[in-house]
Amino acid sequence: MTRKKINVLGMEFDYYNAYDLMKALRGKINRGKKTFLVTANPEIVMYARKDEEYREILKDADYVIADGTGVILGSKMLGTPLPERVAGYDLMCSLLEAGSREGWSAYFLGAKKEVVEKAVDTVHVKYKGLKVAGYHDGYFKNSDAIVAEIKAAKPDLIFVAVGFPRQEKWIYEHMGEFEKGLFIGVGGSFDVLAGTVKRAPELWQRVHAEWLYRLLQEPKRWKRMLVLPQFVVEVAKARVLRKK
Ligand code: UDP
């Protein structure tokens, strides 16, 4: 069966809502099928436009999911609406929850040492049925020991939280060495899981202002966020071209 794809500024998004995505992923994991999933926000879409290597890597992913209200808005403006935003952090929590019920194992790679340790502590408390196959901070030069650990443990879930584009590049580079597992880049999610960074309250999320909440929490992100208005401008241009 070919899956429905929606193109937003050159990026082919899979047409999934959170419920159907989890259903599909549960099947893949329980069958031991090796899978690479990317949650792409407007920053990633814009970055992929200028980095060919990254673009090719994302084309190779099994799933590209819309993370970010901007992507949903862009898809609507282009007349091909995606069903809903599936935030990387929420997807990670849904997978941990399902894993706790189904007895899956998970490996956590990324963030500062004390952050990933705290995140793993939280996982032990909140997702009791899930087995922690191992973890490592994201400040490493050589991946050999990490790869060997994942190879031996054969986890069902591998969360890579070293920020884009590095996390997707790491997954792509090493996936061939593993037999199974769902590999997913989750950016700053361990910081949220550990409680060192707060997720925007639901109200902020509902009024599509999560980006503003994040900016207020981490003002040093302002430069990175300049790409958001650029994204909107590019979508507006693409819309004009599509209508012609
Ligand atoms: N990080 C890491 N290794 C590095 C650089 C960053 O593990 O060499 C971690 C950092 O501690 C943070 C995450 O990667 O937990 C990046 O979060 P950010 O919000 O910048 O990522 P994005 O969501 O934009 O991909």
Next item on the list: Scan the range 128-145 for residues that are surrounded by fewer than 18 Cβ atoms within 10 Å (Cβ to Cβ) and within 15 Å of the ligand (Cβ to nearest atom) and jot them down.
Entry: 139, 140, 141, 142, 143
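Residue-by-condition table, conditions (1) closer than 21 Å to residue 65 by Cα; (2) of a type outside the set (Gly, Ala, Ser):
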site	(1), (2)
193	yes, yes
196	no, yes
199	yes, yes
209	yes, no
214	yes, yes
217	no, yes
226	no, yes
233	no, yes
236	no, no
Item checked: Hits in the range 146-168 - residues which are open to solvent by less than 50 Å² (accessible area, probe 1.4 Å) and either free of Cβ contacts under 8 Å to residues at least 24 places away in the same chain or within 15 Å of the ligand (Cβ to nearest atom) (or both) -> 146, 158, 159, 160, 161, 162, 163, 165, 167, 168
Notebook entry, point to check: Failed condition for residue 227, given (1) open to solvent by 40 Å² or more (accessible area, probe 1.4 Å); (2) within 16 Å of the ligand (Cβ to nearest atom), with all others met?
Noted result: (1)
Notebook entry, point to check: What are the residues in the range 85-114 that are at positive phi and within 17 Å of the chain's Cα centre (by Cα), if any?
Noted result: 110, 111
Margin query: From the list 204, 222, exactly one residue is within 14 Å of the ligand (Cβ to nearest atom), open to solvent by 80 Å² or more (accessible area, probe 1.4 Å) and either among the hydrophobic types (A, V, I, L, M, F, W, C) or within 17 Å of the chain's Cα centre (by Cα) (or both). Which is it?
Written below: 222
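Is it true that residue 197 is within 12 Å of the ligand (Cβ to nearest atom) and without any contact (Cβ under 8 Å) to a residue 60 or more places away in the chain?
On the way: within 12 Å of the ligand (Cβ to nearest atom): yes; without any contact (Cβ under 8 Å) to a residue 60 or more places away in the chain: yes.
Criteria met by residue 197.
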Next item on the list: Pairs only if they're at least six apart or on different chains, beta carbon under 7 angstrom, first in the range 1-16 and of a type in the set (Lys, Arg), second assigned to a strand (DSSP E or B); list them, first residue then second.
Entry: 3/14; 5/12; 5/13; 5/14
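The values are calculated or read from the model by the stated rules, or taken from the named source; none is laboratory data. It should be emphasised that the depicted structure is a prediction, and the values quoted were computed from it without experimental measurement. Glycine gets a Cβ as well: all are built from the backbone with ideal geometry, and neighbour counts include every protein chain shown. For accessibility, only protein heavy atoms count, side chains too; no ligands or nucleic acids. Shrake-Rupley method; radii C 1.70, N 1.55, O 1.52, S 1.80 Å.
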